[in-house]
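Okay, structure first, notes after.
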Amino acid sequence: MDKYRLLAHKDEILNMVKKAPVVEIGDIWQTLPFKRDVYKIKKLEIFSDDLIFMTTMPFEFEDDFPVYIRLNFKNLIFKLSPNEYKTFKNQMSCTLPKEAKAIEDRNLLRTKLPKQSHLNITLRTLSVDTALDIKVTLEDVSETGMGIKASSLNEDYFKRNNVFKIIMVCGRKHMEETTLTVKHISEKDHKSFIGVGLSGNVPFSDRLFEILREEMRKVKFANI
């Protein structure tokens, strides 16, 4: 079971809100004695200390009850009292909450790779509608997951295709047993790129890490 930790600093909460994915952003809900209304967030806008959420359906909230917001980054959750939010049709605005909770950092160490290493992988989608392989930059890796960087022009591609196999690592033919699933897509600081989080169903092979170490040695970087 996931463990949560309390966030009581606005800067930390804001930093996590900014890392919410651009698809499957999260949910807003209100629990009443007789029902529970849940709304999918389709867009999130951040203005300094103010947040604006847009959902797929117009809100039908009771004014005397709080609402809850969950974002799909570390399952960030916070509560808003009736006087802390405003709604209009399918739009809700609020100030940054004073408190929130989020899942504690993963136990599996994720190694951030040096930008100068230019490590890359080639992915092949398992979608029957697409036969296109795509080469992406590897940014970090753990035992069962990785973060990649891709051109923002490929954002729709990763929205349409969310299950992949690794077929090449740094230009070398290499098939991994694990099947990778897209967990989130986020904007990078440089708008020309997006970040994509991939999670595997089984741990990566030792051979994959051997290839990465060999490639990093070529550019005189320390072992990962």
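The values are calculated or read from the model by the stated rules, or taken from the named source; none is laboratory data. Predicted model, so just to flag it, every value in this text is computed and none were measured. FYI the Cβ positions are ideal-geometry reconstructions off the backbone, even for glycines, and counts take in every protein chain you see.
Would you say Gly200 is crowded, with 18+ Cβ neighbours inside 10 Å and over 27 Å from Glu45 (Cβ atoms)? Yes, satisfied. A single member of Ile166, Ile134, Ile185 is under 29 Å from Ile25 (Cα atoms), of a type outside the set (D, E, K, R), crowded, with 18+ Cβ neighbours inside 10 Å and within 18 Å of the chain's Cα centre (by Cα), and it is Ile185. Of all residues in the stretch 31-42, at least one satisfies being closer than 20 Å to Asn83 by Cα, buried (at least 17 other Cβ atoms within 10 Å of the Cβ) and within 20 Å of the chain's Cα centre (by Cα).
Where strands (runs of 3 or more DSSP E) fall wholly inside the stretch 8-71, the ranges with 1 or more residues that are at pLDDT below 90 are 36-47.
Per the listing Lys86, Lys101, Lys74, Lys40, the residue uniquely on the phi > 0 side of the Ramachandran plot and not hydroxyl-bearing (Ser, Thr, Tyr) is Lys74.
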